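**Q** Before I ask anything, let me first share the structure, which is written out below as structure tokens.
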Amino acid sequence: MAMKLDKMSRKELEALRADVDEAIVQRRKTERHEALAAAQKAAAEFGFSLDELTGKKGGRGAKAASADPKYMNPEDPTQTWTGKGRQPNWFKTAIEAGKAPEELEI
């Protein structure tokens, strides 16, 4: 597909560039879908799902599996914390009240 770019106006060139950019985006989506399908097929041949092999659930945008909880709020056992990241308020309150972190471990 030979094009005479030097014969095109600036408007035509900008329109062409926009069309090419959109075609690239669409091609990337298609190739990504094809790659995912191929990976799922390869995993299935060994008796696994792709999620099992990658440790992810859900796919794009899904959060990685969190760590097991290490601490539990004695006043509300449904509140737990892994010990990573920001301390929850219930943990801070318990520590300020004189509890040792070991006392809150599960």
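The values are calculated or read from the model by the stated rules, or taken from the named source; none is laboratory data. Because the structure is a prediction, the values reported are computed rather than measured. Glycine gets a Cβ as well: all are built from the backbone with ideal geometry, and neighbour counts include every protein chain shown.
**Q** Considering only the stretch 68-106, how many residues are of a type in the set (S, T, Y) and at pLDDT below 90?
**A** Summing the residues that are of a type in the set (S, T, Y) and at pLDDT below 90 in the stretch 68-106 gives 1.
**Q** A follow-up question, please. Could you list, in sequence order, the residues of the stretch 75-106 that are of a type in the set (F, W, Y) and assigned to a strand (DSSP E or B)?
**A** Scanning the stretch 75-106 gives a single hit, W81.
**Q** Turning to a different aspect of this structure: Just checking, does the stretch 12-25 include any residue being under 24 Å from the mean Cα position of the chain (by Cα), part of a helix (DSSP H, G or I) and either modelled with pLDDT of 90 or more or surrounded by fewer than 11 Cβ atoms within 10 Å (Cβ to Cβ) (or both)?
**A** Taking the stretch 12-25 and keeping what is under 24 Å from the mean Cα position of the chain (by Cα), we get 24-25.
Those left that are additionally part of a helix (DSSP H, G or I): 24-25.
This time we only want the ones that are either modelled with pLDDT of 90 or more or surrounded by fewer than 11 Cβ atoms within 10 Å (Cβ to Cβ) (or both), so: 24-25.
Yes, the stretch 12-25 contains a residue that is under 24 Å from the mean Cα position of the chain (by Cα), part of a helix (DSSP H, G or I) and either modelled with pLDDT of 90 or more or surrounded by fewer than 11 Cβ atoms within 10 Å (Cβ to Cβ) (or both).
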